[in-house]
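Here the structure is laid out as structure tokens; the discussion comes afterwards.
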Amino acid sequence: MDLQRIKYFLALSEQLHYWKTAEKVNITQSALSRQIQSLENELGLQLFERNKRNVKLTPAGKFLKEKWEVELSELEYIHQFAKQLHLGERGTITIAHPDSISASLMPDILAMITREFPQLQIKLVQVLYENQLEFLKNYKIDLAITRDINSEPGIRAKKIYSDHLALVVPLEHPFKSFDDLSTESLKQQKFILPTNDGGSSYSEIIQALFKSYDFVPDVFLHSEFGSTIIALVRKGLGIAILPDSYMHHQSPGLRFIPLPFKTDLLINWRADDHNPVLANILKLVFEG
């Protein structure tokens, strides 16, 4: 059944006037009459009662008007929904990100996405370092924001931000500023560090810091979770080295001492993924 003919019928059922309806739908009166006649022939029933003075709906016409108005609205919604999916304006995207940017970079990125694409559904997850690329390749996540440089075939990456490392100590700790740090003073500390993952470029930056002071740290504990490390430092169980973006978390009782070592944040995605939602978000993130 021709959808356009149904639209002509609904327009005429509102106006109940051929000339006015034809003008409204931008066709000639005779063309409108042919379209209505063709629809009646296809259905095998009369939709309008006509005479020289007026036009009115038949009982069958009234029934179809009520039903088709609802059906057409639903159909137009479905078409619009499909178009938004095609254009990447609607759908779901799953983003993995490190805990360190939960209160700094991520709120800015999410505000930008929701402002431009309010119909998108966003799922945020945190994935262990060793699972990030596997999850990305297996479509468990769509984007991975990491501090590690990726050279995996089929995965593209681009730097989006840089922040510095910071020494995290309790407020009552004798370290007040960068000038208080020395090889001897650092040797006396117990450290709580992120998990030392083999091949992690982020772990290598932390190790480079220790090498610059020419000492091997006394590591009390390793943890994958920065929020856990912060809680342990606050308890006085050791000091830590973390990205300074953790300063944006609510961390009373702690001092962040900036260090002259940068850590980059990179966004990773599947090179062969043609999902329009992904393309829209990458463009938005890169172009701001």
Original post:
Could you list, bin by bin from short to long, the percent of Cα-Cα pairs of the stretch 162-262 in 10 Å steps?
Top reply: 15, 55, 28, 1
Original post:
What residues have an amide H closer than 5 Å to that of residue 145, excluding those fewer than 5 places away on the same chain, when H is modeled at 1.01 Å from N in the peptide plane?
Top reply: 96, 97, 268
**OP:** Specify the residue with the greatest mean-square fluctuation among 108, 99, 142, computed from a Gaussian network of the chain linking alpha-carbon atoms under 10 Å apart.
**Re:** 108
Original post:
Given a 1.4 Å probe and the protein chains all in place, what does the accessible area of residue 49 round to, in Å² to the nearest 10?
Top reply: 80
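Could you give the length gained by full extension between residue 150 and residue 261, i.e. 0.36 nm per residue of separation minus their alpha carbon distance, to one decimal place?
On the way: separation 111, 0.36 × 111 = 39.96 nm, distance 1.96 nm.
Net length gain for the segment: 38.0 nm.
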Subject >> Helical mean residue ellipticity (222 nm; -39500 (n - 2.57) per DSSP H run of 4+; nearest 500) of the chain >> reply: -13000 deg cm²/dmol
Original post:
In what sequence, largest accessible area first, do 171, 12 appear using a 1.4 Å probe?
Top reply: 171, 12
**OP:** Name the long-range amide H neighbours of residue 254: under 5 Å, sequence gap of 5 or more, or other chain; modelled H, no Pro or chain starts.
**Re:** 171
Original post:
Using a Förster distance of 45 Å, how high is the FRET efficiency between residue 279 and residue 172, based on the Cβ-Cβ distance and rounded to 0.05?
Top reply: 0.35
Original post:
Along the stretch 122-139, what does the Karplus equation 6.51 cos²θ - 1.76 cosθ + 1.60 (θ = phi - 60°) give for ³J(HN,Hα), rounded to whole Hz, x for Gly and Pro?
Top reply: 10, 10, 9, 9, 10, 10, 4, 3, 5, 9, 4, 5, 4, 4, 5, 5, 9, 6
**OP:** Using only Cα atoms, locate the centre of the stretch 36-62 and the centre of the stretch 5-32, then give the distance between them in Å, rounded to an integer.
**Re:** 13
**OP:** Using Cα pairs closer than 8 Å and at least 6 residues apart in sequence, work out the relative contact order for the chain, in percent.
**Re:** 23
Original post:
Using unit Cβ charges (K, R positive; D, E negative) and no other charged atoms, how large, in debye to the nearest 20, is the dipole of the chain about its Cα centre?
Top reply: 1400
Subject >> Gaussian network model of the chain, Cα within-10 Å springs - most flexible of 235, 67, 140 >> reply: 67
Subject >> List 19, 68, ordered by accessible area with a 1.4 Å probe, largest first >> reply: 19, 68
**OP:** In nm, give the distance between the simple-model label positions of residue 124 and residue 185, each being 7 Å from the Cα along the Cα-to-Cβ direction.
**Re:** 3.5
Original post:
Once both labels are modelled 7 Å past Cα along the beta-carbon direction, what's the residue 7-residue 195 spacing in nm?
Top reply: 5.6
Subject >> Distance in nm between pseudo-label sites at residue 134 and residue 24 (7 Å out along the Cβ direction from Cα) >> reply: 6.2
**OP:** May I ask you to rank 7, 65 by accessible area, largest first, using a 1.4 Å probe over the protein chains only?
**Re:** 7, 65
Subject >> Sites residue 224 and residue 115, calculated FRET efficiency, Cβ-Cβ separation with R0 35 Å, nearest 0.05 >> reply: 0.60
Subject >> With DNA, RNA and ligands ignored, accessible area of residue 66 (1.4 Å probe; Å², nearest 10) >> reply: 120
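The values are calculated or read from the model by the stated rules, or taken from the named source; none is laboratory data. These numbers come from a predicted model, not from an experiment. Reconstructed Cβ throughout: ideal geometry from the backbone, glycine too, with neighbour counts over all protein chains shown. Just the protein is used for accessible areas: all its heavy atoms, side chains included, with ligands, DNA and RNA removed. Shrake-Rupley method; radii C 1.70, N 1.55, O 1.52, S 1.80 Å.
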